[in-house]
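Working notes, beginning with the structure itself.
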Amino acid sequence: MRITIKIGSNVLTRPDGSLDVTRMSAIVDQIASLRQAGHEIILVSSGAVASGRSELRHIQHDLDSVDQRQLFSAVGQAKLINRYFELFREYSISVGQVLTTKENFSDTEHRKNQENCMRVMLENGVLPIVNENDTVSITELMFTDNDELSGLIARMTQSQMLIILSNIDGIYTGNPSDPESRLISIVKPGKSLDEYIQPSKSSAGRGGMQSKSSVAQLTAAAGISVIIANGKRNDILLNLMNDRDNTPCTEFLC
Ligand code: GLU
């Protein structure tokens, strides 16, 4: 199966904002197992801005938000991809960095180039690690968040499945901290979740449940099954693939 896996900033960062290399390493171990089992993986990883921010703690004070985003992502993306490169190398898996912008999904020529780049990497067994090119995509040129980007990548690469890893088990019928709320495990095609979605969003990333849910619905409507699950849970990817019925998650059927 070809699977696009999106990892949110909150999965990859510790509460103090630093890069959680132990978690990254555990996710890399699982992706290596999935590849070993014959799956093709495309990774969409956030975490550039968060890891750059923690690297440059000493100079973040008087920068405006655009300058911060450009500076932190420039430094943080280098740090992030370097870690992935080293971790996957332990498994002799070659990775390639794909930094993209919204234009690459609309303009025909750019789209073709982007598609070709993904194709050639996959055909040669190179694992693409995709992120938005945060250094140049600013305000209206930006994706809503990496959830949107992961849906577009899943469709472009004709993935059969999109897994969105966040720091929560999935979509709940109410506030997740309310004991009355329950996790919605299956969402049938066309079922609206508007009444359940909390407007709040995670601290490190740009996305929230609202955007995850609408990306999931759109992607499922395109024939790709989508799972939202908790990337902080040990062995989450392996459990989703091998024992989904007993693994907390929200699955959007297509
Ligand atoms: N591209 C951003 C980063 O790597 C994350 C965007 C998002 O939070 O979805 O930091």
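The values are calculated or read from the model by the stated rules, or taken from the named source; none is laboratory data. None of the values given here were measured: they were computed from a predicted structure. Methodologically, a virtual Cβ is constructed for each residue, glycine included, from the backbone with ideal geometry; neighbour enumeration extends over all protein chains shown.
Residue-wise test of (1) aliphatic (A, V, I, L, M); (2) touching a His at 6+ places or on another chain (Cβ under 9 Å); (3) more than 15 Å from the ligand (Cβ to nearest atom).
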{"residue": "ARG23", "(1), (2), (3)": "no, no, yes"}
{"residue": "LEU43", "(1), (2), (3)": "yes, no, no"}
{"residue": "LEU56", "(1), (2), (3)": "yes, no, no"}
{"residue": "SER65", "(1), (2), (3)": "no, no, no"}
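Against the conditions (1) closer than 24 Å to ILE27 by Cβ; (2) away from the ligand (no atom under 16 Å from the Cβ); (3) among the small types (Gly, Ala, Ser), GLY174 satisfies every one except (1). For the range 173-192, a tally of residues being at negative phi and without any contact (Cβ under 8 Å) to a residue 60 or more places away in the chain returns 12. From the set of residues in the range 67-98 that are farther than 26 Å from HIS110 by Cβ and touching a Ser or Thr at 6+ places or on another chain (Cβ under 6 Å), which is farthest from the ligand (Cβ to nearest atom)? Per the criteria, the residue is LEU87. Among residues of the range 111-132 that are away from the ligand (no atom under 16 Å from the Cβ), those with a beta-carbon under 9 Å from a residue that is assigned to a helix (DSSP H, G or I) and among the aromatic types (Phe, Trp, Tyr) at least six positions away or on a different chain give the pairs ARG111/PHE105; GLN114/PHE105; LEU127/TYR84; LEU127/PHE88. Pairs meeting the criteria (first residue in the range 133-150 and within 18 Å of LEU80 (Cβ to Cβ), second residue more than 9 Å from the ligand (Cβ to nearest atom) and assigned to a loop (DSSP other than H, G, I, E, B), beta carbons under 6 Å, at least 6 apart or on different chains) are ASN133/THR101; SER137/THR101. Out of all the residues in the range 60-99, which are exposed (fewer than 14 other Cβ atoms within 10 Å of the Cβ) and under 28 Å from ASN113 (Cβ atoms)? The answer is VAL66, ASN82, ARG89, SER94.
Going by the structure shown, is LYS102 over 22 Å from GLU55 (Cβ atoms) and in contact with a Phe, Trp or Tyr (Cβ under 8 Å, 6 or more places away or on another chain)? Yes. Scanning the range 20-48 for residues that are under 17 Å from the mean Cα position of the chain (by Cα) and either among the hydroxyl-bearing types (Ser, Thr, Tyr) or not in a helix (DSSP H, G or I) (or both) yields ASP20, SER25, GLU40, ILE41, ILE42, LEU43, VAL44, SER45, SER46, GLY47.
Does SER51 qualify as being closer than 15 Å to ARG2 by Cα, in a helix (DSSP H, G or I) and touching a residue at least 12 places away in the same chain (Cβ under 8 Å)? No.
Scanning the range 231-253 for residues that are surrounded by fewer than 19 Cβ atoms within 10 Å (Cβ to Cβ) and within 16 Å of ILE184 (Cα to Cα) yields ARG244, ASP245, ASN246, PRO248, LEU253.
Does ALA74 satisfy being free of Cβ contacts under 8 Å to residues at least 12 places away in the same chain, under 25 Å from ARG23 (Cα atoms) and within 19 Å of the chain's Cα centre (by Cα)? The answer is no for ALA74.
Residues in the range 149-157: is at least one outside any loop (DSSP other than H, G, I, E, B), surrounded by 14 or more Cβ atoms within 10 Å (Cβ to Cβ) and within 10 Å of the ligand (Cβ to nearest atom)? Outline the logic, then answer.
Narrowing the range 149-157 to residues outside any loop (DSSP other than H, G, I, E, B): 149-156.
In the following step, the residues that additionally are surrounded by 14 or more Cβ atoms within 10 Å (Cβ to Cβ) were identified as 149-156.
Still in the list and also within 10 Å of the ligand (Cβ to nearest atom): 149-150.
Within the range 149-157 (the criterion being outside any loop (DSSP other than H, G, I, E, B), surrounded by 14 or more Cβ atoms within 10 Å (Cβ to Cβ) and within 10 Å of the ligand (Cβ to nearest atom)), the answer is yes, since at least one residue qualifies.
Of all the numbered requirements in (1) at pLDDT below 90; (2) over 30 Å from ASP64 (Cα atoms), ASN124 misses one, and that requirement is (1).
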